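Scroll down for the structure; my scribbles are underneath it.
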Amino acid sequence: LPLTLAAPAAVASLAYLRAKTSFPNDYAILKATVLGALYVRNCVKNDRVNLFYELEKHALDPKTRDHSFLAIPPHIPKDVATPADLKGLQATEWSYKQVYETVLKFAAWLKQEHGVKKGDMVAIDYTNKTQFVCLWFALFSLGAKAAFINTNLRGKALLHCVKACKAKLLIVDPAIEDALTDEVRQELANSVQAVVLDDVTEGRIVATAGLRVPDEERGGDKISDTAVLIFTSGTTGLPKPAVVPWKKFLLSGRTVSNWLGVKSTDRYYTAMPLYHSSASILNISVVLHAGATTILSHHFSPKTFFASATASKATMMQYIGEMCRYLLSTPPSPFDKSHTIRMAFGNGLRPDVWQKFKERFNILEIAEFYSATEAVGGSFIKSKNNFGLGAVGRAGTTLQTLMGSQTAIVKHDVETGEPYRNSSNLCERVNPGESGEYINALDPNNISDKYVGYYGNQKASDSKILRDVFKAGDAWYRSGDLLRKDTQGRLFFVDRIGDTYRWKSENVSTNEVAEALSTSPHIEEINVYGVALPNHDGRAGCAAVMLKSAPSSQVLKEIAAHAREKMPKFAIPLFLRVVREFEVTGTAKYTKHGLREQGVDPGKVGEDGLFWLPVGAEAYTEFGKRDWDGVVGGGVKL
């Protein structure tokens, strides 16, 4: 070939090879993982299995001690309308040195006044404030452990969490002191001391000398030992305390920091609650490993998010759940593109939101991950184009060759909620494009090397371990999630096990139904679940929706038409429940438990509008007591 043709052909071939094999993606993940593993090995070798040492390193280094570690965004007044109105508004900055010195003062208070020592468990019930971080690292500095309490919990749920973690001390933010009712105080009186860290107490603490205990008082920990406890969201019952071992804090923080390419000049904005692993592990820990800055917002506000990010000079942002959809639902604003955010990192960004979010807010790169607080491993993908749209990870040829044996997707039995077993009582892998439960390999002789489970709850911990999967004696971690992988190595989330239901002898994914229906111009928000019906097999689909306008007959007809266009007949929700608002967890995840329990009995749905799609009907129509009685009596064809 002539040189003028050969060069472009070679470039095109190389680009094709890069895309086909995913080598750049694989190399970035492998490099970050190896560097993370080497770092953890060095921590073990030097008996420095504690994140406190990362804070101390930056705080004592003359080059980094005055660099901002924590930044609290300014309050955005209601009359702020343009970026020019932000003049004079700036974040409150806490340097690494300032945080470190405050940490040592809190450590002195904890040890001298409350007798906190190595191995003790202390519960922190605090909103997103610098005090949370200082208390957390003060405990680390003493070799003690922290249990992060969901600040929304009250009464029975709060008591359950404090008792479940066997805390010696409970420290409460004065902003949520109302959680300490007389009943709660009385119940805790004999076992746990509850302290409200009010202004007077804090003033006394910061006026005293700090205390740095000798290294040996925090030394001796193994990487599988507990660093903190983080409670599950409790969407299906009382929260469970998931153990976050040092390995996850150190390895995940270092690996993700390397993979994202975080620099010391980065300012990483989070509105996620610190009691959640996304903020604590995938923000604070990630930032520490890079010597960067966390911009810690007190709460998530769609209306002021990008104004706040602009004023705070954010370069990265963290998202989870429906946050990006909430941001898209706000009216166009001059702040949409006034910020300096180059990357958004998080999980749960739906395909129908992904590209709209990138384009409207000028986000150059989306970095998506899949994991859970108690999970083993995770998956990652970075995307500047549409190739990664909707994916939660990607493993190309290199990653599959080197690490493919550590993960699998196995066939799932919807009826039992368990992995399918063949005639040999072994599990089977799915084919590309098919969904199944995502599992991770464990060492059957040393389970805790990768998986620690739930604190003080062996039964719950064991329920996540699957044995005799592909051969007798092997062990795997159950994610509890249905995923699928395509022929290009992209991994997609399908549904939570238990959320997927069976109707008309077909498996229905609530997540896929929600994605299909959410593109209707009439639907603002949607939450899909299966409901049990008396005298009928399986579960019928119900979509709880927030509509953009009143549920007129025309709107209900167009929603039904949209459903028929976008999905097979068996997957179309039989019921619509029109709600005014959704109950969500502290991390913006919709809860389904209450909706499932209420079902579609008109007497249990309160003031919500209930509609259904009878056989042969063109539109959803009102579902009342007479219709319910017909369903219960078995006289209605569904």
Nearest 500 deg cm²/dmol is fine: what mean residue ellipticity at 222 nm does the chain get from its DSSP H runs of n ≥ 4 alone, each adding -39,500 (n - 2.57), divided by its residue count? -9000 deg cm²/dmol
Tell me which trypsin sites (Lys or Arg not before Pro) from the range 50-106 have a DSSP coil assignment and no more than 11 other beta carbons within 10 Å of their own. 63, 78, 87
Charge-dipole axis of the chain as Lys and Arg at +1 and Asp and Glu at -1 on Cβ define it, positive-most pick from 22, 327, 390: 22
Over all alpha-carbon pairs in the chain, figure out the percentage whose distance exceeds 44 Å. 24 percent
Expressed as a whole number of Å, what is the distance separating the alpha-carbon centroids of the range 155-172 and the range 346-392? 35 Å
Per-selection metrics, the range 333-382 (Cα): Rg and Dmax in Å: 12.9, 42
Through the Karplus equation 6.51 cos²θ - 1.76 cosθ + 1.60, θ set to phi - 60°, convert the phi angles of the range 406-420 into ³J(HN,Hα) values in whole Hz; use x for Gly and Pro. 8, 9, 7, 10, 10, 4, 10, 9, 5, 5, 9, x, 10, x, 5
Mind grabbing the base-10 log of I(q)/I(0) for the range 495-544 at q = 0.18, 0.21 Å⁻¹? Debye formula, identical points on the C-alpha positions, no solvent, two decimal places. -0.55, -0.71
Give me the lysines in straight-line cross-link reach of residue 337: C-alpha distance below 29 Å, same-chain residues under 8 apart excluded. 78, 87, 129, 263, 303, 313, 356, 358, 382, 384, 548, 589
Taking the number of other C-beta atoms within 10 Å as the exposure measure, put 547, 159 in order starting with the fewest. 159, 547
Of 549, 561, 584, which is farthest towards the positive pole of the range 499-632's charge dipole, taken about the Cα centre with +1 and -1 on the beta-carbons of Lys, Arg and Asp, Glu respectively? 561
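Bear in mind that the values in this text are calculations on the coordinates, not laboratory data. The model shown is predicted, which means the values in this text are computed figures rather than measured ones. No Cβ is skipped: glycine too gets one built from the backbone with ideal geometry, and neighbour counts run over all protein chains shown.
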